[in-house]
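Participant: Questions regarding the structure given below will be posed in turn.
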Amino acid sequence: MTFEYKNILAAVDGSNEAKRAFETSVGIAKRNNAILNLIYVVDTRSYTAMTKRVPSIDDRVFAHGRELLDNYKKEAQAAGLPEVNIIVAPGSPHKVISREYAKRVNADLIVCGAQGMNAVEHFLMGSVSEHIVRSSPCDVLVVRRSESEKAEDQQRADLKK
């Protein structure tokens, strides 16, 4: 049995886990001659709780998302992918990714990082990747970084202190 993906949706947020998910999605897209759709979701739930307003498309947080995706797009194209689309969208990440944009881009695979949330947040909301897995209309690949990659990041962080 051969799995062939034609429309991949890779969710990124600037974290190291998401970077690893992006790199994995580029490899899968290359092997399958697939379209790669990169999505960055501005989580509006946190803004309304803190500021009582939803950020507008002109706010810095959206510009950050576009900049991040532009850099990833260039990297994917340099790796040989001819079609890379970028999406910056507001909303609840797990809903926007798995329910809205997976259908819009006709995704047959969603790739995301395994995000570590603190125990209270995980208890109250669950992880974004967990919600994507449960509500997705297509296959989902949750990418984890190796323990050695995590240790290297910790060493770099310790050196900065």
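Participant: Given Lys73/Lys161; Lys19/Lys95; Lys6/Lys73; Lys19/Lys103; Lys73/Lys95, which pairs have Cα atoms separated by over 28 Å?
Facilitator: Long pairs (Cα-Cα over 28 Å): Lys73/Lys161.
Participant: Classify the stretch 57-116 from the C-alpha gyration tensor, please: rounded if a/c falls under 1.5, else prolate or oblate depending on whether a/b exceeds b/c.
Facilitator: oblate
Participant: Sorted by accessible area with a 1.4 angstrom probe, largest first, how do His94, His64, His131 fall?
Facilitator: Output order, biggest surface exposure first: His64, His131, His94.
Participant: Under a point spin-label approximation (7 Å from Cα along Cα-to-Cβ), what is the Arg144-Asn85 distance to one decimal in nm?
Facilitator: Between Arg144 and Asn85, the label points sit 3.2 nm apart.
Participant: May I pose another question? Once the piece of chain linking Asn71 and Asn106 is laid out straight, how much longer is it, given 0.36 nm per residue of separation minus the C-alpha distance between them?
Facilitator: 10.2 nm
Participant: Next up: Taking R0 as 30 Å, what FRET efficiency do you get between Arg31 and His64 from their Cβ-Cβ distance, rounded to the nearest 0.05?
Facilitator: According to the calculation, E is roughly 0.50.
The values are calculated or read from the model by the stated rules, or taken from the named source; none is laboratory data. Computed from a predicted structure; not experimentally measured. With ideal geometry, Cβ positions are generated from the backbone for all residues, glycine too; neighbour counts draw on all protein chains shown. All accessible areas refer to the heavy atoms of the entire protein, side chains included, with ligands and DNA or RNA removed. Shrake-Rupley method; radii C 1.70, N 1.55, O 1.52, S 1.80 Å.
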